Amino acid sequence: MDLTSNITQIKGVGDKSAALFKKLNIETVKDLIFNIPRDFTLYDSPVSLSSDLDGRVISCQGFFKSGSYSSVKKGHLTFSHISFISDNKTIRLTIFNMPYLKKQINPDKEYVIRGVLEVSKQGSFSMTQPKIFTKEQYESLIGTLQPLYPLTKGLSNNAISKAVRQALDNVKVPDDGLDELDESNIKFDDAVKSMHFPSNMDTFIKARERIVFHEFFSFILQMKTDVNLTKNIPFTKNMIETADTLRLIEQLPYRLTNAQIKTWNDISHDMTSGICMNRLVQGDVGSGKTIIAFLALIMNAANSHQGVLMAPTEVLASQHFDKLTDLIKKYNLSINPVLLIGSMSAKDKKAIYAEIESGKTNIIIGTHAVFQQKVIYKDLTLVVTDEQHRFGVNQRESIVNKGNEVHLLVMSATPIPRTLAMILYGDISISVIDELPGNRIPIKNALVGKRFRKKSYEFIEKEVRAGHQAYVICPQIEEGENESLENVVDYSALLSSELSNDINIAYLHGKMTQQQKDEIMTRFKNKLIDVLVSTTVIEVGIDVPNATVMLIENSERFGLAQLHQLRGRVGRGKDQSYCIFISAKDDEKTMKRLEILNKTNDGFVIADEDLKMRGPGDLFGIRQSGEFGFIIGDIYNDSDILKKASSCADRLLSENDPQHLNKIINGLNDTIINSVDFRTI
């Protein structure tokens, strides 16, 4: 057995289990070993119940009260209620979709339950969806640091942990070649093992830092070695400023902000400079990046060239196409746009391919389908990518191959501080739209604890009754990944029991197919869903002006910049919008950090504060840099490691030693944790 072996070579993993692992994108031993835990649980001894434990994950020992079990069905959901007695105190348990529980528990047997304890104002205790252990099972776990992996239905955390241990016992983790550069006290293979099964927290912290260095260094090295693909390429085709864009800016029913005008001037100058543009536009959600992209595409079309706007989802691509079509009709623009997405019929695609190749269409809007092999452009000179999409080497090459001389414009809603953006994007030029349009009504914020959940649900119902919609954000997908965090599956069930029966609730998460996600977002936009429970996948979403409430659970686990981005999904219409941050922690440090969101709506100020206030102790926050493909590294939380990785990459490249560079590249190719694909020099 080696890293390339199928996971069915691991003892205890059969075809049925392999199919479940595949849902987590784990097919080989290498996939399994580099499936890094997202969190850990330290199993403490059971505690006695008290009101000061409110909101904390605890374990308590006792018995299930005989005759206290009851259940009720609501739609396709089953809600079970049962009382648990610990130290002569009663905890009321609520459990979803486990109707078999009654037959499994024995009132005469001692158990340990583990979950988030909630204490009412009257002093009564309750838990929702706790984990249940026999006394003997729990005693074997006390004092251990257990890894928590992303899960899928039918595959337990214990099953993944056993498979990983088997793999690590039978396969040698290769050297990534970076031990000499990192100069840390832990080698890469030891770091991988300790990321799964650390002997203590100090060992885990060192292992995590080593793996984050690996992720950051490999990313930065790829970016720096590939930078010549888009740097200082001459643009020899004719490109001048046109009256079309000037007229459109004057005729718009709103005035562009100063930041939008400055950004447009930057882009216009780049496109007429005689050098291929390579520019990043950063701006908060709702800051008006899309109209700037449209102006660039219109100017490009007015110069008789073709341009592409690529979005990450079909729903977002369709939304952009509809908006541009409305502009064309309203202002009588001489442009012929087309929409090209994967779900179109073969017949429709064939007709669009012909229009693109002939030059009949001059603006193409779509998903990654716009760069498939069958798409042949007559004269492609501008590519705009929207919403946190960063091109890797393969996509860059595909663009160059499609058009030879191509202006590149990347639009990002991630408010990355300039010091980090220069590292992550290399020599790319950066424009910042740091103003919101003047017609936006400021979002009203509320920072509360779990006790205010009931009032929050009442407020959501009130807004829905007024004809509006709401988002609810949870940090994880399903129960089992971390008992201290809310998850979209169980939370949807909880809301179903709390809100009126006629309120339509749905959930959305990243493990769904793109088609499923697009379908749900379309239904939400069309007001067929009242409350959408989601993970952070809605960061890349469509405009839903009718959504006026954003409720974020476990807000203490998110970075400030990410909370700000999520908040930007509401407040996009004419009605007052609200964002409710629910924190499971109410200590002074946590509340002080979250309070920053009440003080400013400037995403870049918030991002800078995030750098200052998050530190090495915040190991298990929700990552804010997923768009860069990092699995555990977070550019805010781990900014010092990012800077070190950048310096090490610079030092390596300055040696001008191809043999040494290729040795490290080969090591990275053998071990790479994220999706980077290196080529030797």
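Scan segment 353-375 for residues that are in contact (Cβ under 8 Å) with a residue 40 or more places away in the chain and not in a loop (DSSP other than H, G, I, E, B) and the total you get is 8.
When you scan segment 327-385, how many residues do you find that are of a type in the set (A, V, I, L, M), buried (at least 16 other Cβ atoms within 10 Å of the Cβ) and over 16 Å from Phe294 (Cβ atoms)? So the count comes out to 9.
Could you list, in sequence order, the residues of segment 539-551 that are surrounded by fewer than 24 Cβ atoms within 10 Å (Cβ to Cβ) and in contact with a strand residue (DSSP E or B) (Cβ under 7 Å, 6 or more places away or on another chain)? Val544, Asn546, Val549, listed by residue number. For segment 570-592, indicate whether the set of residues that are hydrophobic (A, V, I, L, M, F, W, C) and surrounded by fewer than 21 Cβ atoms within 10 Å (Cβ to Cβ) is non-empty. Within segment 570-592 (the criterion being hydrophobic (A, V, I, L, M, F, W, C) and surrounded by fewer than 21 Cβ atoms within 10 Å (Cβ to Cβ)), the answer is yes, since at least one residue qualifies. Per the conditions (1) in contact (Cβ under 8 Å) with a residue 24 or more places away in the chain; (2) under 21 Å from Ile298 (Cα atoms); (3) among the hydrophobic types (A, V, I, L, M, F, W, C), the sole criterion not satisfied by Phe219 is (2). So which residues in segment 428-442 are part of a loop (DSSP other than H, G, I, E, B) and out of contact with any helix residue (DSSP H, G or I) (no Cβ under 6 Å at 6 or more places or on another chain), if there are any at all? Answer for segment 428-442, where residues must be part of a loop (DSSP other than H, G, I, E, B) and out of contact with any helix residue (DSSP H, G or I) (no Cβ under 6 Å at 6 or more places or on another chain): Ile428, Leu436, Pro437, Gly438, Asn439, Arg440, Ile441, Pro442. Residues in segment 484-510 that are surrounded by fewer than 22 Cβ atoms within 10 Å (Cβ to Cβ), in a helix (DSSP H, G or I) and small (Gly, Ala, Ser): Ser492, Ser496, Ser497.
Could you check, for segment 451-461, whether at least one of its residues is assigned by TED's automatic domain parsing to the domain that holds Ile552, surrounded by 21 or more Cβ atoms within 10 Å (Cβ to Cβ) and over 30 Å from Ile132 (Cα atoms)? Checking segment 451-461: at least one residue is assigned by TED's automatic domain parsing to the domain that holds Ile552, surrounded by 21 or more Cβ atoms within 10 Å (Cβ to Cβ) and over 30 Å from Ile132 (Cα atoms).
Taking first residues from segment 94-114 that are assigned by TED's automatic domain parsing to the domain that holds Ser71 and partners that are part of a loop (DSSP other than H, G, I, E, B) and among the polar types (S, T, N, Q), the Cβ contacts under 7 Å between residues at least 6 apart in sequence or on separate chains come to Ile95/Gln129; Phe96/Gln129; Pro107/Ser66. One residue stands out in segment 17-32 among those that are modelled with pLDDT of 90 or more and buried (at least 19 other Cβ atoms within 10 Å of the Cβ): the one that is farthest from Ser156 (Cα to Cα), namely Val29. The set of residues from segment 121-131 being free of Cβ contacts under 8 Å to residues at least 60 places away in the same chain, surrounded by 13 or more Cβ atoms within 10 Å (Cβ to Cβ) and in a loop (DSSP other than H, G, I, E, B) comprises just one member, Ser124. The condition of being modelled with pLDDT of 85 or more and within 30 Å of Leu151 (Cα to Cα) holds for only one of Gln515, Gln469, Gln476, that being Gln469.
Could you go through segment 132-140 and let me know if any residue there is of a type in the set (A, V, I, L, M), surrounded by 16 or more Cβ atoms within 10 Å (Cβ to Cβ), touching a strand residue (DSSP E or B) at 6+ places or on another chain (Cβ under 7 Å) and not in a strand (DSSP E or B). No: segment 132-140 contains no residue that is of a type in the set (A, V, I, L, M), surrounded by 16 or more Cβ atoms within 10 Å (Cβ to Cβ), touching a strand residue (DSSP E or B) at 6+ places or on another chain (Cβ under 7 Å) and not in a strand (DSSP E or B). What pairs come up if the first residue lies in segment 44-60 and is part of a strand (DSSP E or B), the second is modelled with pLDDT of 90 or more and β-branched (Val, Ile, Thr), and their beta carbons are under 8 Å apart, counting only those six or more places apart or on different chains? Pairs that qualify, where the first residue is part of a strand (DSSP E or B) and the partner is modelled with pLDDT of 90 or more and β-branched (Val, Ile, Thr), are Ile58/Val47; Ser59/Val47; Ser59/Val112; Ser59/Ile113; Cys60/Val47; Cys60/Ile91; Cys60/Val112; Cys60/Ile113. Of all residues in segment 656-681 being farther than 15 Å from Leu178 by Cβ and not in a helix (DSSP H, G or I), which is modelled with the highest pLDDT? Selected residue: Asp657. For segment 119-169, taking the residues that are out of contact with any Gly (no Cβ under 7 Å at 6 or more places or on another chain) and of a type in the set (D, E, K, R), the one that is modelled with the lowest pLDDT is identified as Lys153.
In segment 242-300, the residue that is surrounded by the most Cβ atoms within 10 Å (Cβ to Cβ) out of those that are basic (Lys, Arg) and under 29 Å from the mean Cα position of the chain (by Cα) is Lys289. Screening the candidates Leu611, Leu652, Leu597 for the property of being within 30 Å of Ser431 (Cα to Cα), at pLDDT below 80 and assigned to a helix (DSSP H, G or I) yields one hit, Leu611. Within segment 312-339, the set of residues being in contact with a Phe, Trp or Tyr (Cβ under 9 Å, 6 or more places away or on another chain) and either under 16 Å from Gln514 (Cα atoms) or in contact (Cβ under 8 Å) with a residue 60 or more places away in the chain (or both) comprises His320, Leu327.
Restricting segment 227-283 to residues that are touching a Gly at 6+ places or on another chain (Cβ under 8 Å) and more than 24 Å from Gly438 (Cα to Cα), the residue that is modelled with the lowest pLDDT is Val227.
Does Ser358 fit the bill of being modelled with pLDDT of 85 or more, farther than 25 Å from Tyr636 by Cα, in contact with a Leu (Cβ under 8 Å, 6 or more places away or on another chain) and not β-branched (Val, Ile, Thr)? So Ser358 does not fit the description; no. Taken over segment 521-538, the criterion of being free of Cβ contacts under 8 Å to residues at least 60 places away in the same chain and buried (at least 22 other Cβ atoms within 10 Å of the Cβ) is satisfied by Phe524 alone.
The values are calculated or read from the model by the stated rules, or taken from the named source; none is laboratory data. Since this is a predicted model, take the numbers as computed values, not measurements. Note that each Cβ is placed from the backbone with ideal geometry, even for glycine, and that neighbours are counted across all protein chains shown.
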